[in-house]
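Just so it is clear, none of the values below were taken in a lab; they were calculated from the coordinates. The model shown is predicted, which means the values in this text are computed figures rather than measured ones. Please note: Cβ atoms are built from the backbone with ideal geometry, for glycine as well, and neighbour counts cover all protein chains shown.
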Ligand code: FAD
């Protein structure tokens with residue numbers, strides 16, 4: 001008799017989850033659990049918390065959806081408001097659990113949590129597999145320690161190796177009996193606030209969005225529209241669901257390949273794959289560099305020349321800087337939990353170059369706010385823009401006037417998000433925009 005635990009993390013779905021299938025096939029009874037760590041709500045050294053209101057609301061909805069799907073199969077999700085090690089300790093001591101299933105983890109802290117469990121309990125068998133990336137490690141034409149130093153080199157190697165993408169697997173057809181009876185959600189969990197979010201959380205909503213996206217003509221125009229600052233159809237908007245694992249990247253690639261077979265491939269459809277490869281690169285980058293992902297000097301040998309001005313950081317966070325385009329993007333983020341890729345590049349460049357702040361504060365604020373927060377994509381992109389990551393050009397300085405003229409020539413975006421309420425910093429003239437090369 002195997003009494004197991006399936007610990008959901010960034011794989012909040014039933015379909016294309018090979019590990020979940022394996023857990024169901026191999027267990028006589030099983031508990032499906034999710035651990036909400038109280039640490040996520042405490043202020044960290046960057047004066048931010050891991051999970052802000054928008055992210056929290058999105059996650060809670062995803063968990064409820066997952067629970068409903070499990071209920072329809074005679075099972076349920078048990079949600080804990082405790083550190084994972086304490087939860088596992090409870091199963092070990094009270095339910096004789098010796099087998100735990102958990103997806104491969106990309107983030108350093110998540111990997112350390114798993115190591116802490118196996119170090120503490122030699123009798124526990126941890127069963128893992130990849131549910132998050134396009135390719136499995138063993139498919140790649142290099143060892144992790146030899147991860148190419150730039151995205152371009154990585155992409156060329158991957159493309160020339162013609163790697164196959166595994167077909168998505170079906171949902172488990174059978175679910176073992178619950179190991180424990182349903183438990184109400186802990187009363188001490190933080191309240192979910194009303195948020196203004198355009199994204200509906202959970203696997204059902206994710207599958208619906210992917211189907212809708214590929215039944216429109218948007219994929220054939222993706223490359224032309226992806227840089228827009230606003231607009232649901234201008235980029236794929238897969239990121240919140242990918243980050244939570246409501247859909248797998250393989251399911252998306254499968255849908256993209258079907259679309260190309262039916263409607264033809266072009267630069268735009270290729271570019272969706274190209275961006276998913278960026279995602280893939282950063283996942284490997286996080287695995288390769290571990291704690292350096294969060295280091296001030298990143299993976300470079302030099303620390304950036306920045307300082308810390310708490311007033312400037314607050315202005316950046318609240319969208320009250322002298323720069324309308326930055327303010328509009330930050331207000332969009334604060335209200336919706338989402339910002340376009342172009343917006344992210346603009347505000348990150350401003351934080352580093354105009355406001356001369358430590359890039360890690362920006363990354364920590366994004367971590368708190370973004371409903372699509374992904375440890376690897378977020379910290380990797382911030383390093384890249386701050387010139388301490390995988391960027392051969394060593395830092396990117398976006399000219400804010402030029403960006404506004406190109407991406408918001410009529411000031412429509414700025415007006416919509418009230419970015420033109422500008423404030424000076426350090427008593428500088430608000431109209432005095434710094435112009436960079
Ligand atoms: P699309 O343009 O439609 O791209 C399709 C998918 O490709 C995305 O869903 C995403 O999975 C992937 N992708 C696209 N661009 C990138 C990129 N530059 N790096 C990695 N993957 C990419 N993305 C996150 O998912 N989570 C984050 O926490 C995150 N933080 C970022 C921080 C900064 C400073 C910057 C510049 C970028 C960040 N990105 C992050 C990458 C990118 O901005 C978002 O993935 C994208 O805006 C999400 O919208 P979309 O799904 O419509 O993207």
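Remark: the residue 45-residue 406 segment gains 126.3 nm on full extension, using 0.36 nm per residue and subtracting the alpha carbon distance. Helix 84-94 axis versus longest C-alpha principal axis of the chain: approximately 10°, rounded to the nearest ten. Between region 288-309 and region 114-166, how many Å separate their Cα centres? A separation of 24 Å, based on Cα centres.
Add -39500 (n - 2.57) for each DSSP H run of 4 or more in the chain, then divide by its residues: what number comes out at 222 nm, to the nearest 500 deg cm²/dmol? It would help to have the intermediate numbers written out before the result.
Values: 17 runs with 190 residues, N = 437.
Here the helix-only value at 222 nm equals -13000 deg cm²/dmol.
Note on residue 189/residue 318: beta-carbon distance plugged into 1/(1 + (r/R0)^6) with R0 of 25 Å gives a FRET efficiency of 0.40. Between the Cα long axis of helix 53-71 and the first principal axis of the chain there is an angle of about 30°, rounded to the nearest 10. Inter-label distance, residue 64 to residue 274: 4.0 nm, where each label sits 7 Å from its Cα along the C-beta direction.
Report the convex hull volume per residue for region 3-131, counting only C-alpha atoms, in Å³.
Numbers: hull volume 14.4 nm³, N = 129.
Hull volume normalised by residue count: 111 Å³.
For the chain, find the longest principal axis of its Cα atoms and tell me its angle to the long axis of helix 324-336, 0 to 90°, nearest 10. Between the helix axis and the principal axis of the chain, the angle is about 20 degrees.
List the residues of region 169-199 whose backbone N lies under 11 Å from a point placed 7 Å from the Cα of residue 212 along the Cα-to-Cβ direction. Once the point is set 7 Å along Cα→Cβ of residue 212, 198-199 turn out to lie under 11 Å by backbone N, inside region 169-199.
Based on the mean of other beta carbon atoms within 10 Å per residue, what is the order of 57-67, 19-29, most packed first?
Values: 57-67: 21.4, 19-29: 18.0.
Most protected by this proxy first, the peptides run 57-67, 19-29.
Going by average Cβ neighbours within 10 Å, how do the peptides 313-323, 257-267 rank, with the highest at the top? Kindly include the intermediate steps, with their values, before the conclusion.
Numbers: 313-323: 21.0, 257-267: 13.2.
By packing density, highest mean first, the sequence is 313-323, 257-267.
Ranked from highest to lowest mean number of other Cβ atoms within 10 Å per residue, what is the order of the peptides 75-86, 274-285? Present the calculation step by step, with values, prior to reporting the outcome.
Values: 75-86: 18.5, 274-285: 20.6.
Taking the mean over residues of other Cβ atoms within 10 Å, the ranking is 274-285, 75-86.
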